[in-house]
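Heads up: the structure comes next, in structure tokens.
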Amino acid sequence: MLVPGFVKENLQSESNVNCLMLACLVLSCLVLPSRFVAVSALTNYYKTSISPGSSILDIASSWVSHYPLNFPETMKRISGSGMNRFEMQANDQVRRKEFYDYD
């Protein structure tokens, strides 16, 4: 079951697909704002808690670190370790990157 009340067979009808898309849109409107509030709170926490010139180790780093935009210029060093090389390469805030493949 994809969404309560929807089963794969129901997606054969265009109206059911449109209904599913509408349900997903409504759900995303409810979830995304709270995610942005959480990310903003985390970024503000980093901004007020980490002193300029600090060295940072971002453990389990991914494609984004949620640091304030000026951190790469104001921090002594930002290093990261993570499992996904492609995601970490997209992270423009982490300067020194270590990859660990546990598979």
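Just one of 2, 20 is part of a helix (DSSP H, G or I), modelled with pLDDT under 90 and out of contact with any Ser or Thr (no Cβ under 6 Å at 6 or more places or on another chain); which is it?
After ruling out the rest, the residue left standing is 20.
If I go through segment 49-86 residue by residue, how many of them are charged (D, E, K, R) and under 21 Å from residue 38 (Cα atoms)?
Summing the residues that are charged (D, E, K, R) and under 21 Å from residue 38 (Cα atoms) in segment 49-86 gives 1.
Restricted to segment 43-65, and to residues that are modelled with pLDDT under 90 and loosely packed, with under 15 Cβ neighbours inside 10 Å, which residue is farthest from the chain's Cα centre (by Cα)?
59
Quick one: in segment 78-103, of everything that is in contact with a Pro (Cβ under 8 Å, 6 or more places away or on another chain) and under 14 Å from residue 66 (Cα atoms), which residue is surrounded by the most Cβ atoms within 10 Å (Cβ to Cβ)?
Ranking the candidates gives 78 first.
The values are calculated or read from the model by the stated rules, or taken from the named source; none is laboratory data. Because the structure is a prediction, the values reported are computed rather than measured. With ideal geometry, Cβ positions are generated from the backbone for all residues, glycine too; neighbour counts draw on all protein chains shown.
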